[in-house]
1. Can you name the residue in segment 70-91 that is free of Cβ contacts under 8 Å to residues at least 60 places away in the same chain and aliphatic (A, V, I, L, M) and is also surrounded by the fewest Cβ atoms within 10 Å (Cβ to Cβ) among such residues?
2. Within segment 83-107, can you find the residues that are in contact with a strand residue (DSSP E or B) (Cβ under 6 Å, 6 or more places away or on another chain) and either within 12 Å of Glu4 (Cα to Cα) or of a type outside the set (Ser, Thr, Tyr) (or both)?
3. Residues Gly58, Gly66, Gly35, Gly111: which one is of a type in the set (Gly, Ala, Ser) and surrounded by fewer than 18 Cβ atoms within 10 Å (Cβ to Cβ)?
4. If I ask for residues that are surrounded by fewer than 19 Cβ atoms within 10 Å (Cβ to Cβ) and in contact with a Gly (Cβ under 7 Å, 6 or more places away or on another chain), which ones from segment 92-103 would you list?
Amino acid sequence: MIIEPAAWDDADVRRLTGDQQDEVRARYGGKEEPGAHPSAADISVVLVARDDDGTALGCGALRELGGGVAEVKRMYVVPAARGRGVSKAVLAGLEHAARERGWTTLRLETGPLQPEAVALYTGAGYRRIGAFGAYVGDPDAEGSYFFERELRTGSGRSGTA
């Protein structure tokens, strides 16, 4: 498996992020995601995980929030590739890309009907926080879980648990 950068409007990224949104809506009874939806104008980093034959297995993105903070967006792994470490590899790639840009904190929003996501983030050292940015005061974000991880510069894994 390789992790490589891609454009937000790349065909594989569009397919993967569309599938991610379909899955989220199915889990939450058709409810749209809270907060500001990501776009090519505000996504700074997009990574795609590919199998040896080039098949896109998963993706993730970062949106800069300012002040050394970025938001993890559109983390997704195709069902057939789950359990193979794809999400961990994409998240590690996003953290590396954040460090390269001098960002010191990653934040994200997920929900109670996404236990796999909660397990991924807590296992990677993310801690629960309150709502941030566009989620503050958004009634659609009620019940959402928010996480944050402080990143250290350099190549080692670290953060607060």
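1. So the residue we want is Ala80.
2. Answer for segment 83-107, where residues must be in contact with a strand residue (DSSP E or B) (Cβ under 6 Å, 6 or more places away or on another chain) and either within 12 Å of Glu4 (Cα to Cα) or of a type outside the set (Ser, Thr, Tyr) (or both): Val86, Ala89, Val90, Gly93, Leu94, Ala97, Ala98, Trp103, Leu106, Arg107.
3. That would be Gly66, the only listed residue that is of a type in the set (Gly, Ala, Ser) and surrounded by fewer than 18 Cβ atoms within 10 Å (Cβ to Cβ).
4. If the condition is that a residue be surrounded by fewer than 19 Cβ atoms within 10 Å (Cβ to Cβ) and in contact with a Gly (Cβ under 7 Å, 6 or more places away or on another chain), then Gly102 is the only one that fits.
The rows are residues; the columns are (1) within 14 Å of Gly18 (Cα to Cα); (2) touching a helix residue (DSSP H, G or I) at 6+ places or on another chain (Cβ under 7 Å).
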| position | (1), (2) |
| --- | --- |
| His37 | yes, no |
| Ser44 | no, no |
| Gly54 | no, no |
| Cys59 | yes, yes |
| Arg63 | no, no |
| Gly67 | no, no |
| Lys73 | yes, no |
| Tyr76 | yes, yes |
| Ala81 | no, no |
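Rule-based calculations on the coordinates, nothing more; no lab input. The structure presented is a predicted model; accordingly, all values stated were derived computationally and were not measured. Note that each Cβ is placed from the backbone with ideal geometry, even for glycine, and that neighbours are counted across all protein chains shown.
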